[in-house]
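Here is the structure we will look at.
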Amino acid sequence: MVPVANINGHVSSKFSTAEELIDPSVPELRNLFFDEDEVIPVAEFFSQFQVALKGCGLKTAVDEALVNRRIRCYSNSSHSVLEIQQRAYCLLKSTCRWTSPMSILEGSELRQLKWLPVMDVDGILRLEASNQCRGLKDRLLVNLQLPILDIPISAEWELRLGWLNKLPNSILLGQLNKGLGRNDRAVVDAVCFNIAREGELEVLAAKLMRTPFVLTTKGVFVTPPKAFCCLDSLDASCDRLHPYLENVDNKFWQDHSDLLTHLKVGKGPNPTDLLGVQTILESKVPLGEADIAVAVEILNLASRFDRASLTGLKVLSKDGKFHPIEDISYHNLGPLIQVENVNLTHPDIPFKTIQKVGIESLSDRQIKELLAISDIADEDEFDQKEQVTTGITNTLDAYPVNSTFREYLANADDTKGASVISWLLDERYHPNEKLLTPELKRFQGPSFLVYNDGVFSEDDFKGFKNVGEGSKRQNAASIGQFGRGSQTMYHWTDVPMILSGKYLLILDPQQEVLPKNQIKGKRKPGVKLELSKLKGVCPDQLAP
């Protein structure tokens, strides 16, 4: 047995075995104990027998048994937290000879006892178990959720304390939300890095989509569906859509592009995004100045897309209301012309945007109304059901150009009352100011005319609605292969015009020159017009 003294050297009346005492000459060991702890041999005894004492197990370095004794002492000590902190810090900075396997540490005293001096979320120093706190390296990941040990420790200590294990997702999301509440960008960055690094994207994606954690160029955080990447001039910017849609901060994108891409943060808003903002604005009518600017910008960005993808898009009118594209026009008749009962575009909408989106001019709308050209009913639209280019290509391959005259004879034979047919090459140029559309000007020059003195029936007109399924399919007495031969006229022109009875039929299968169907967002493939109305509205169309 060894006579014992406390750390200050005061001799005690107690005796102990060598393995329960420490070498008093090792500061790393002495610093682990309180002044009154009786853990060193009496000085004279140690001086005489130190070699023997060390041979009998006197502690000369920190080992696992000593660690366990010290943490039990710290967790049950009546000393102040500050006094415990000094000793515990020394223990955590020491190098320990660990012997127990990692598998038994989960429920061990090392992790379960409250012996670690940590700073809690309120800035108060207290003792906590390692499974209820984290180390300094994880400060940005947990400091708003868990207490923090505010000194660096070795990786071995972190491993033993369980601090290299993955953080629970609930802690990460809680930290993220509290960081957002404090507008703490460092916390947001740290959590985002951790989620991506630990492979938790799939698990957390749904919750992240509802969390406003994406930093924008405006310095605010928004949810991923409201954020878009705009790295160069070709990307659609959301600068003018604030606060509804935002551009991602460039550095935030660079740091977290994988995470953001996984959450479908794209390069510029798509039509669905724009329509979503427009729906919000509709609920706020009448709009303030800022929202009017947003409504105009929605249309500017929408003009980047094909009209077919803009179903449901509405246009802000002069009176501050939203109207479907087909129900609004822009005023192109001059400032002195006053109109009523017509929805006109807001004056802030650029003319370039009006053109790209395909908003109808007031003059075009008036012409269509006077000519009874409807966008709702397609009776006069001649929208051929067969794929147009395929049908015409097949026809032109099957019928060489020199066969066209025979086909015109066949058509004349089919036409009620026809007894005469003539061909004429008209080399004249005709007036082109008052036409159905400006694009028809190029068809007012030299032309090839075919005439017969018969009149098309209504069924004949309807036959042009389908390449290859004309009225001849039902009439076996008619010449030609189901009327397809009549399409040989496309050897001569892309836009044939047929005048018969009281109608003028204009076909435009490539949909390049006729008025637009504002509902479909593309030009009509054909129109049948009454001559009496056409003469009064577009007289030059009849000049040839």
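Scanning the stretch 43-63 for residues that are touching a residue at least 40 places away in the same chain (Cβ under 8 Å) and of a type in the set (A, V, I, L, M), which turns out nearest to GLU156 (Cα to Cα)?
LEU58
Please work out if CYS192 is at pLDDT 95 or above and touching a His at 6+ places or on another chain (Cβ under 7 Å).
Numbers: at pLDDT 95 or above: yes; touching a His at 6+ places or on another chain (Cβ under 7 Å): yes.
Criteria met by CYS192.
Let's see how each residue does on (1) modelled with pLDDT of 95 or more; (2) in contact with a helix residue (DSSP H, G or I) (Cβ under 6 Å, 6 or more places away or on another chain):
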residue: PRO225; (1), (2): yes, no
residue: LEU234; (1), (2): no, no
residue: TRP253; (1), (2): yes, no
residue: HIS256; (1), (2): yes, yes
residue: LEU281; (1), (2): yes, yes
residue: VAL285; (1), (2): no, no
residue: GLU289; (1), (2): yes, no
residue: ALA308; (1), (2): no, no
residue: THR311; (1), (2): no, no
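Here are the criteria: (1) acidic (Asp, Glu); (2) surrounded by fewer than 20 Cβ atoms within 10 Å (Cβ to Cβ); (3) within 29 Å of ARG365 (Cα to Cα). Tell me which single one GLU297 does not satisfy.
(2)
Just one of the numbered conditions (1) hydrophobic (A, V, I, L, M, F, W, C); (2) in the same structural domain as PHE34 (by TED's automatic domain parsing); (3) outside any loop (DSSP other than H, G, I, E, B) is not true of VAL121; which one?
Here VAL121 meets the rest and fails (3).
Take the residues in the stretch 16-62 that are within 60 Å of the chain's Cα centre (by Cα) and surrounded by 16 or more Cβ atoms within 10 Å (Cβ to Cβ); name whichever of them is farthest from GLN85 (Cα to Cα).
Narrowing the stretch 16-62 to residues within 60 Å of the chain's Cα centre (by Cα): 28-29, 31-33, 61-62.
Pick out the ones that are also surrounded by 16 or more Cβ atoms within 10 Å (Cβ to Cβ) and you get 28-29, 32-33, 62.
Numbers: GLU28: 15, LEU29: 15, LEU32: 10, PHE33: 11, VAL62: 18 Å.
In this case the residue turns out to be VAL62.
To keep it simple, each residue is scored yes or no on (1) assigned by TED's automatic domain parsing to the domain that holds TRP115; (2) assigned to a loop (DSSP other than H, G, I, E, B); (3) among the hydrophobic types (A, V, I, L, M, F, W, C).
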residue	(1), (2), (3)
LEU146	no, yes, yes
PRO152	no, yes, no
GLU156	no, no, no
TRP163	no, yes, yes
LEU173	no, no, yes
LEU176	no, no, yes
GLY179	no, no, no
ASN183	no, yes, no
ALA186	no, no, yes
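Quick one: count up the residues across the stretch 1-19 that are in a loop (DSSP other than H, G, I, E, B) and closer than 21 Å to GLU64 by Cβ.
1
As an exercise: evaluate THR261 against (1) of a type in the set (Ser, Thr, Tyr); (2) within 13 Å of the chain's Cα centre (by Cα); (3) buried (at least 20 other Cβ atoms within 10 Å of the Cβ) and give the number of the one condition it does not meet.
The single condition THR261 does not satisfy is (3).
Yes or no: VAL142 under 24 Å from GLY181 (Cβ atoms), surrounded by 14 or more Cβ atoms within 10 Å (Cβ to Cβ) and not assigned by TED's automatic domain parsing to the domain that holds PHE46?
Values: under 24 Å from GLY181 (Cβ atoms): yes; surrounded by 14 or more Cβ atoms within 10 Å (Cβ to Cβ): yes; not assigned by TED's automatic domain parsing to the domain that holds PHE46: yes.
Yes.
Give the residue that is surrounded by the most Cβ atoms within 10 Å (Cβ to Cβ), with candidates limited to residues of the stretch 490-544 that are hydrophobic (A, V, I, L, M, F, W, C) and touching a Pro at 6+ places or on another chain (Cβ under 6 Å). Walk me through it before giving the result.
Step one: of the stretch 490-544, the residues hydrophobic (A, V, I, L, M, F, W, C) are 492, 495, 497-499, 504-507, 513-514, 519, 527, 529, 531, 534, 537-538, 542-543.
If we keep only those that are touching a Pro at 6+ places or on another chain (Cβ under 6 Å) as well, we get 507, 543.
On the way: LEU507: 25, ALA543: 14.
Among residues in the stretch 490-544 that are hydrophobic (A, V, I, L, M, F, W, C) and touching a Pro at 6+ places or on another chain (Cβ under 6 Å), the one surrounded by the most Cβ atoms within 10 Å (Cβ to Cβ) is LEU507.
Looking for something more than 30 Å from MET119 (Cα to Cα) and part of a helix (DSSP H, G or I) - is there at least one such residue anywhere in the stretch 20-43?
Yes, that holds for at least one residue.
Tell me, yes or no, whether the stretch 242-258 has at least one residue that is assigned to a helix (DSSP H, G or I), within 18 Å of the chain's Cα centre (by Cα), within 23 Å of VAL188 (Cβ to Cβ) and of a type in the set (Gly, Ala, Ser).
Within the stretch 242-258, one or more residues are assigned to a helix (DSSP H, G or I), within 18 Å of the chain's Cα centre (by Cα), within 23 Å of VAL188 (Cβ to Cβ) and of a type in the set (Gly, Ala, Ser).
Go through the stretch 321-350 and count every residue that is among the hydrophobic types (A, V, I, L, M, F, W, C), farther than 24 Å from ALA290 by Cα and at pLDDT 90 or above. Don't jump to the end; show me each part of the working.
Pass one, the stretch 321-350, residues among the hydrophobic types (A, V, I, L, M, F, W, C): 322, 325, 328, 333, 336-337, 339, 342, 344, 349.
Then drop every residue that is not farther than 24 Å from ALA290 by Cα, which leaves 333, 336-337, 339, 342.
Among the residues that remain, those that are also at pLDDT 90 or above are: 342.
Matching residues across the stretch 321-350 total 1.
Please count how many residues of the stretch 263-312 are part of a helix (DSSP H, G or I) and more than 16 Å from LEU241 (Cα to Cα). Break it down stepwise before answering.
Let us first name the residues in the stretch 263-312 that are part of a helix (DSSP H, G or I), namely 271-282, 289-302, 307-310.
With the extra rule that they be more than 16 Å from LEU241 (Cα to Cα), the set shrinks to 307-310.
Of the residues in that region, 4 qualify.
May I ask you to say which residue of LEU499, LEU505, LEU514, LEU534 is in contact (Cβ under 8 Å) with a residue 60 or more places away in the chain, part of a strand (DSSP E or B) and under 24 Å from VAL455 (Cβ atoms)? Let's see the steps before the verdict.
Numbers: LEU499 fails: in contact (Cβ under 8 Å) with a residue 60 or more places away in the chain; LEU514 fails: part of a strand (DSSP E or B); LEU534 fails: part of a strand (DSSP E or B).
Selected residue: LEU505, the only one of LEU499, LEU505, LEU514, LEU534 that is in contact (Cβ under 8 Å) with a residue 60 or more places away in the chain, part of a strand (DSSP E or B) and under 24 Å from VAL455 (Cβ atoms).
Just one of VAL401, VAL420 is within 23 Å of LEU542 (Cα to Cα), among the aliphatic types (A, V, I, L, M) and modelled with pLDDT of 80 or more; which is it?
Checking each option against the conditions leaves just VAL420.
Just give me the residues in the stretch 112-124 being surrounded by 13 or more Cβ atoms within 10 Å (Cβ to Cβ) and more than 19 Å from LEU32 (Cβ to Cβ), in sequence order. Give the derivation first.
Let us first name the residues in the stretch 112-124 that are surrounded by 13 or more Cβ atoms within 10 Å (Cβ to Cβ), namely 112-121.
GLN112, MET119, ASP120, VAL121 - these are the residues of the stretch 112-124 that are surrounded by 13 or more Cβ atoms within 10 Å (Cβ to Cβ) and more than 19 Å from LEU32 (Cβ to Cβ).
The values are calculated or read from the model by the stated rules, or taken from the named source; none is laboratory data. Quantities reported herein were computed from a predicted structural model and do not represent experimental measurements. All Cβ positions, glycine included, derive from the backbone under ideal geometry; neighbour counts span all protein chains shown.
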